[in-house]
1. Amide H neighbours of A:LEU48 under 5 Å, counting only residues 5+ apart in sequence or on other chains, H built in-plane at 1.01 Å?
2. So how strong a dipole does the range A:4-113 carry about its Cα centre when Lys and Arg Cβ are +1 and Asp and Glu Cβ are -1, to the nearest 20 debye?
3. Calculate one ³J(HN,Hα) per residue across the range A:89-95 by plugging θ = phi - 60° into the Karplus curve 6.51 cos²θ - 1.76 cosθ + 1.60, and present them in order as whole Hz with x for glycine and proline.
4. Around B:ALA72, with a cut-off of 14 angstrom between Cβ atoms, what is the net charge of the other residues, counting Lys and Arg +1 and Asp and Glu -1?
5. Mind listing the lone cysteines of chain B, meaning no other Cys beta-carbon sits under 4.7 Å from theirs?
6. For the range B:9-71, state which trypsin sites (Lys or Arg not before Pro) are in a DSSP loop and have at most 15 other beta carbons lying within 10 Å of their beta carbon.
7. Assign unit charges at the C-beta atoms only (+1 for Lys and Arg, -1 for Asp and Glu), then state the dipole size of the protein assembly as shown relative to its Cα centre in Debye, rounded to the nearest 20.
8. Just how many pairs of Lys in the protein assembly as shown have C-alpha atoms closer than 13 Å, counting pairs that are eight or more places apart or on different chains?
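All of the numbers you see were taken from the coordinates with simple rules; none came from a lab. It should be emphasised that the depicted structure is a prediction, and the values quoted were computed from it without experimental measurement. Every residue, glycine as well, gets a Cβ built from its backbone with ideal geometry; the counts of neighbours run over all protein chains shown.
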Amino acid sequence: AQSVTQLGSHVSVSEGALVLLRCNYSSSVPPYLFWYVQYPNQGLQLLLKYTTGATLVKGINGFEAEFKKSETSFHLTKPSAHMSDAAEYFCAVNTGFNEKLTFGTGTRLTIIP
Amino acid sequence: GAVVSQHPSWVICKSGTSVKIECRSLDFQATTMFWYRQFPKQSLMLMATSNEGSKATYEQGVEKDKFLINHASLTLSTLTVTSAHPEDSSFYICSAIAGHAGNTIYFGEGSWLTVV
């Protein structure tokens with residue numbers, strides 16, 4: 001079984017500042033890791049994913065995440081926050097294709113003007 | 001990218017009635033779809049895995065007779081909430097595996113159900 005822990009249910013950053021959303025996972029086999037963003041009253045949009053290969057993954061909207069096996073982490077970062085980044089962010093894990101995702105509890109990102 | 005569409009986006013129904021929510025993969029075939037439920041300000045809870053041409057696999061604690069799932073084609077899965085009650089009010093989201101896109105899981109826009 002696998003699990004995901006997102007540290008910090010709420011994160012606030014100033015516009016233009018670095019965004020860092022933390023995600024740690026637990027898995028007995030090599031994980032596939034995902035970050036999704038959810039805007040109010042909408043479904044989830046895939047930001048980026050890691051399956052195999054390069055550990056630094058670049059996604060949409062300037063976000064990136066680095067898979068660190070030794071730290072069992074997959075933190076999401078963006079160098080400069082924009083007002084439009086305000087949303088709920090979910091980290092998720094599965095262990096293979098066609099397998100269900102296990103989600104973290106989510107982190108609400110607020111951008112301060 | 002792959003597109004998953006849900007319908008309706010919003011639905012209000014009376015207590016005791018049934019309501020059907022559709023999930024369609026618009027530009028790809030999906031042998032596997034997933035149904036989630038999300039309460040306000042909470043994470044997604046997997047309800048069931050829907051497999052084309054076979055019975056859905058329900059997660060522990062989910063009533064299969066209340067939440068009927070049908071995956072009759074490679075592009076359509078439906079969730080029917082039977083004999084709905086106010087506690088069934090929630091945001092329901094489906095997702096589908098896009099095999100042509102590296103088996104990435106794409107999500108629908110979600111459906112708000114309010115039972116009055």
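1. Residues meeting the criterion, in which the H sits 1.01 Å from N, are A:TRP35.
2. Details: 8 positive and 7 negative charges, 34 e Å.
About 160 debye.
3. So the Karplus estimates, Gly and Pro as x, are 10, 10, 9, 9, 9, 9, 10 Hz.
4. Values: positive: B:LYS20, B:ARG24, B:LYS55; negative: B:GLU22, B:GLU52.
Computed value for this residue: +1.
5. B:CYS13
6. Numbers: sites: B:LYS14, B:LYS20, B:ARG24, B:ARG37, B:LYS41, B:LYS55, B:LYS64, B:LYS66; in loops: B:LYS14, B:LYS41, B:LYS55, B:LYS64, B:LYS66.
In loop regions of the range B:9-71 (DSSP not H, G, I, E or B), the sparsely surrounded trypsin sites (Lys or Arg not before Pro) are B:LYS14, B:LYS41, B:LYS55, B:LYS64, B:LYS66.
7. Values: 16 positive and 16 negative charges, 29 e Å.
With only Lys, Arg, Asp and Glu charged at Cβ, the dipole is about 140 debye.
8. Details: A:LYS49/A:LYS58; A:LYS58/A:LYS78; B:LYS20/B:LYS66; B:LYS55/B:LYS64.
Here the count comes out as 4.
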